[in-house]
Structure formats: structure tokens, C-alpha cells
Amino acid sequence: MLAMNKFRILGIAVVTIAASIVTTSCNDKRSTGWEYAPNMYEKIAFDPDQKNPNFKDGKTAQLPPAGTTPVGFTRFDYPKTTEGYNQASIEVKSILFNTSKNIEDGKALFMTFCSPCHGKTGQGDGTVVAHGFPAPPSYSKGQSSRGGAMKDLTDGKIYHTITYGLNAMGSYASQLSPEERWKVVMYVHHLQTL
């Protein structure tokens, strides 16, 4: 009999606790319960398009200070002009060592991005020429549209051309990173000797 009373008391206690949990958890439908880190749910940062009293002009999205360079960005401060092209020819030199690995990488990039117009050997006989487009000059025999022999193009001239484009050639700055452009420059120098 004593054991039955213990089970009855234990059963009543369990039912009471369960009922109180159910009752208290169903009161406020909008409550998410306890928050361990409320700053993860209620942000204190301003959205870029919101007004911000912390700045004089009231804008959250601010321009970076003049002369700064974003992380991972390589600056190329030569304008897309003939003067910039000629200045790059004098001042810009390759930042990579001339290794067989870099030349092989340059060859792979050249075959992907450049050979459709310039041909596999840089003679200006790519597949687009077969479709009626004008042929680019040969790297070893032709003349540059900005003067001088193509075989004498410098690092700076080739890099400037890849970055900005020239004549019918568009810019490849969005397709090739600065390091990849330098690898293509190395491979073009190899093709100039053929």
C-alpha cells in the first residue's frame, strides 16, 4: 500500500510538471525563448543603404580613402592611352621569375584565352581568322599598330595590351589575374623568338 502511494505521488508530480511546462511554453507565440547571444539576433550594425549618424554626410557606405588599395588587388597605374602604353613599355617589368613552370602555365593560359585569335604559335592564324575576322599581327614577324616590330614588344607593352586591350582585342583583365597576365607575357616572349 505504501508503494502504491509513492507511485501515485510520483505520477501526480510528473503530470503537474508536464502540465506546467506545456502551459508556460504556449503563452507567447512570438517568444523564441532564451537567447544565448542576443547580438547575433539583434544586429547593431547599420545596413549600407541606411542613414548613419556616425558620419558627417550621414551615409553608411563610405568611399575608401584616396590612394588605398583593396586587399588582393594589384594596382596598374598606367592609363589606357598611347602615352600610358609607351610609359608602361619603359617602366613596367615582369614581377615573376622566368621559370619553366611559369612558361608552361603561360602556355596553358595562352592556349585558352589567346590562341583563338593569335594562333597556337602566335602567327596571327587563329580560328577566328578562318571565320572572316581580321588577322592579328604575328609575334615574330608583324608590325605593331602603335609602331615597332611585334618581336620587340616589351613586358610593359604586352601587359598593358592584355590589361586594356588594343584595336579589335578586348581587355582580358577580368579573365586573367595579374599573375596570370605575367605568365602569358613570358610565353609571348617565347613565341617572339620563333
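The table that follows gives values for the structure above.
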read-out	value
Dipole axis of the chain (+1 Lys, Arg; -1 Asp, Glu on Cβ), positive-most option in Gly147, Gln62, Val184	Gln62
Difference of contour (0.36 nm per residue) and Cα-Cα distance, Ala108 to Ile90	3.7 nm
Helical segments meeting 30 Å axial Cα length and Kyte-Doolittle -0.5 threshold in the chain (DSSP H)	2-25
Mean Cα-pair separation over length for the chain, i.e. relative contact order, pairs under 8 Å, 6 or more apart, %	18
Among Val15, Ile90, Ile103 the positive-end extreme of the charge dipole of the chain (Cβ point charges)	Val15
Within region 35-95, GluC sites (Glu not before Pro) in DSSP loop having at most 16 other beta-carbon neighbours inside 10 Å	Glu35, Glu42
Mean separation of Cα contacts under 8 Å, 6 or more apart, over the residue count of region 82-192: relative contact order %	34
The chain, helix-only ellipticity at 222 nm - DSSP H runs n ≥ 4, -39,500 (n - 2.57), divided by all residues, nearest 500	-12500 deg cm²/dmol
Fluctuation leader among Tyr85, Tyr139, Tyr41 - the chain, Gaussian network, Cα springs under 10 angstrom	Tyr41
Region 45-138, relative contact order in percent, only Cα pairs under 8 angstrom and at least six apart counted	11
Among Pro53, Pro134, Pro38: highest mean-square fluctuation, GNM of the chain, C-alpha pairs under 10 Å	Pro38
Partners for Lys93 among lysines (Cα-Cα distance below 28 Å; same-chain residues under 8 apart left out)	Lys80, Lys101, Lys107, Lys120, Lys141, Lys151, Lys157, Lys183
Solvent-free Debye scattering, log10 I(q)/I(0), computed from the Cα coordinates of region 82-192 at q = 0.11, 0.22 Å⁻¹	-0.30, -1.35
Computed lengthening from Lys101 to Tyr36, 0.36 nm per intervening residue step minus Cα-Cα distance	18.2 nm
About the Cα centre, charge dipole magnitude for the chain (Lys/Arg +1, Asp/Glu -1 at Cβ), debye	400
Ratio of Rg to Rh over the chain (Cα coordinates, Kirkwood Rh, two decimals)	1.49
Net charge, Ser138 excluded, C-beta distance under 9 Å - Lys, Arg +1, Asp, Glu -1	+1
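Coordinate-derived values only; no laboratory data. Being a predicted model, the structure only gives us computed values, none of them experimental. Cβ: placed from backbone, ideal geometry, glycine included. Neighbour counts: every protein chain shown.
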